[in-house]
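What follows is a short report on a single structure.
The values are calculated or read from the model by the stated rules, or taken from the named source; none is laboratory data. None of these values were measured; they are calculated from a predicted model. Reconstructed Cβ throughout: ideal geometry from the backbone, glycine too, with neighbour counts over all protein chains shown. Side chains included, ligands, DNA and RNA excluded: accessible areas come from the protein's heavy atoms. Shrake-Rupley method; radii C 1.70, N 1.55, O 1.52, S 1.80 Å.
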Amino acid sequence: MNRSRQQFGFTLVEILISLGILGVIMVSTFNFIDSSVAVSSSANSNNELIREGQIGQQVVAARLKEACHVFPGGTALTLATLGFERKNYFTNTFVWTVNTDPFVAMILPPAPGTASDQYRFMAYFAVPRNEWTGVGRATGRNNPGVDSRNDLNTWLIIQYTRLLPSASTIPCAGKPTQAGFDITGGGSEILLDYVDIPANRNELFQVNANSIDYDIRLEKTSAGGNVIRVGGSGAESSLRGRIFPVNLGL
């Protein structure tokens, strides 16, 4: 044995002990790397949610400030007669009610560079994520892609736009109703993904006498199982706000 030790430098026992120690070090190193990657991924997802939420928040705020009329609480509007893109999944109808549903609607003046009578109806509302990712549903950029960790418990905020007929039928400075023009048949597109609807769903958008409150909350379960939340109780970042439109028109 002494001769073997002199020839090879280590005994079999010493080699086994060394391999055991090396194994422990390697496992610890891999666990540390895996943990670091998970933390980094979670941080990136959190930052991405905050960034997207802020962009969506700015879009909604800009449209409400631009509006020449915001429909008051209690207004019921029918956006369609069929199709998943405009359906109210809380009532299983196509009727949306301001301050009851997660819904806000407005009339905007003509966009720069368009005809002077081309007013726009615009609305924002929430729909279940899986209603847009399912087979035969949204296509192209309007399909956010199947996400089995989030499809059943998160929502989308949809932007709905309909160009309106002649301005002579749209008393934008008054109190227009749906009876005055056709708002059905407009286009729907995703504004925000991974939305978490408040328990009181009308808190997403709340139209008051002279202001509009919004409380946007986002939630996403990452590949590692971490739940990332933006807005709401205990979240790191808030996407709540109050807007005082110049021409609320209520």
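Structure notes:
- The Cα center of the range 45-76 and the Cα center of the range 92-161 differ in position by 12 Å.
- Extension reserve of the ASN153-ALA223 stretch, reckoned as 0.36 nm per residue once the Cα distance is removed: 23.7 nm
- Here the gap between THR161 and ASN143, fully extended at 0.36 nm per residue and compared with their Cα-Cα distance, gives a gain of 4.7 nm.
- Spin-label model, LEU12/ARG51: points 7 Å from Cα along the beta carbon direction are separated by 5.8 nm.
- SER148 accessible area, 1.4 Å probe, all protein chains in place, Å² to nearest 10: 110 Å²
- The calculated FRET efficiency for THR114 paired with ARG201, based on their beta-carbon distance and R0 = 30 Å, is about 0.30.
- Note on the range 75-122: Rg/Rh from C-alpha atoms, Kirkwood Rh, equals 1.09.
- For the range 40-139, the fraction of alpha-carbon pairs in successive 5 Å shells from zero, as %: 2, 11, 16, 17, 19, 18, 11, 5, 2, 0, 0
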